[in-house]
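What follows is a short report on a single structure.
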Amino acid sequence: MNDVFELHRGTAPLLVSVPHNGSEIPATLKERMVDRARLAPDTDWHIARLYAFARELGASMLVPRYSRYVIDLNRPPDDTSLYPGQNTTGLCPAVQFTGAPVYLDGQAPSADEIAARTDTYWRPYHEALQGELARLRAAHGRVLLWEGHSIRGSDLEFLFPGRLPDLNLGTSGGASCSPQRQARVEAALAAQSRYDFVVNGRFKGGYITRHYADPANGIDAIQLEIGQRIYMDETTFAYDEGKAADAQAVIRSLVEAALA
């Protein structure tokens with residue numbers, strides 16, 4: 001167990017990364033935040049738990065400890081926008097998904113503080129991710145990086161209008177994985193009827209999906225952003241065992257299709 005992440009090394013050609021699973025915020029930082037932000041509401045709640053089945057498939061898993069409010073591990077280190085022209089949050093977010101501030105007046109991080117957080121939290125996670133991809137590719141010749149994400153599926157007009165589909169598959173417009181692998185996952189999506197879905201819609205894949213994907217050289221990357229309503233209570237953040245079991249079955253079918 002690293003101080004900022006946990007890496008479970010598996011044997012299959014699969015690495016599941018859940019960069020927004022962490023919810024911890026250091027006390028000295030929490031003191032500078034507004035009350036709502038101290039609850040880390042924009043966490044991908046329980047996403048590592050939802051993907052626990054992946055270890056049964058032999059997957060490696062990379063799970064961070066700290067909240068995206070400390071640093072967003074799925075953003076580029078230079079904080080270039082992943083979705084130009086659209087509202088989004090940054091490397092060290094100053095606004096919540098609702099558009100409300102994260103920090104009390106005058107307490108947002110300086111450029112020097114952001115650089116220090118990048119060195120402390122961001123770089124170790126990415127070094128581990130890169131190293132595990134290299135290990136698995138060396139062992140198998142080809143590896144799949146699966147990015148597991150979740151988000152509240154409605155009432156986030158700051159980020160998207162209306163209701164987000166239950167399952168949002170992102171392959172950077174088809175650039176981050178082989179056409180054959182994407183086709184298998186799309187077929188698995190179409191074969192299930194419980195959840196609605198979209199491919200390369202509002203969420204096409206974040207920095208990790210786009211940056212580490214190299215299909216021509218044996219690294220495919222897929223992001224799945226899911227609506228939190230399908231496995232938890234979006235208001236209380238409580239895990240719903242019944243909903244989660246149904247969601248896990250479908251998500252597992254997608255991962256297995258990608259590996260087939």
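Every read-out reported here was derived from the displayed coordinates using simple, explicitly stated rules and does not represent laboratory data. Please read these numbers as outputs of a predicted model, since none were measured by experiment. FYI the Cβ positions are ideal-geometry reconstructions off the backbone, even for glycines, and counts take in every protein chain you see.
When DSSP beta bridges are limited to those with both residues in the chain, what percentage is antiparallel, rounded to the nearest 5?
40 percent
Please report the equivalent ellipsoid semi-axes of segment 166-260, computed as sqrt(5 x eigenvalue) of the Cα gyration tensor, largest first, in whole Å.
25, 15, 11
Report for segment 138-260 the percent antiparallel among DSSP-assigned beta bridges with both residues inside it, nearest 5.
If I count the DSSP bridges inside segment 138-260, around 35 percent turn out antiparallel.
For a label point 7 Å from the Cα of Ser193 along Cα→C-beta, name the residues of segment 147-175 whose backbone N is under 16 Å from it.
In segment 147-175, the label zone of Ser193 (backbone N under 16 Å from the point 7 Å along Cα→Cβ) covers no residue.
Using a Förster distance of 51 Å, how high is the FRET efficiency between Glu113 and Glu56, based on the Cβ-Cβ distance and rounded to 0.05?
So, using R0 = 51 Å, E works out to roughly 0.80.
Using modelled backbone amide H atoms (1.01 Å from N, in-plane), which distant-in-sequence or interchain residues come within less than 5 Å of Asp240's amide H?
Met232, Asp233
Against the longest principal axis of the chain, how steep is helix 179-191, in degrees 0 to 90 to the nearest 10, with axes from Cα atoms?
The answer is roughly 90 degrees.
Helix 123-140 versus the longest principal axis of the chain: what angle, 0 to 90°, nearest 10, using Cα atoms?
10 degrees
Going by alpha carbons, how many degrees (0 to 90, nearest 10) lie between the helix axis of 241-259 and the longest principal axis of the chain?
The angle comes out near 60 degrees.
Please state the shape class of segment 1-138: rounded when a/c is under 1.5, otherwise prolate if a/b exceeds b/c and oblate if not, all from the C-alpha gyration tensor.
Cα axes put segment 1-138 in the prolate bin.
Please compute the alpha carbon radius of gyration of segment 2-57, then divide it by the globular-protein estimate 2.2 N^0.38 Å. Two decimals is fine.
In units of the globular-protein estimate, segment 2-57 measures up at 1.42.
Per DSSP helix of 4 or more residues, -39500 (n - 2.57); summed, then divided by the residues of the chain. What does that give at 222 nm, rounded to the nearest 500?
My calculation for the chain gives -8500 deg cm²/dmol from helical runs alone.
Which one is right for this structure if Rg and Dmax of the Cα atoms in Å is calculated from it: (i) 19.4, 61; (ii) 18.3, 57; (iii) 17.5, 52?
This structure yields the entry labelled (iii).
Compute the projected area of the convex hull of the Cα atoms of segment 100-188, averaged over all viewing directions, and report it in nm² to one decimal place.
9.1 nm²
For Gln180, project a label point 7 Å along Cα to C-beta. Then give me every residue of segment 141-168 with its amide nitrogen under 19 Å of that point.
141-146
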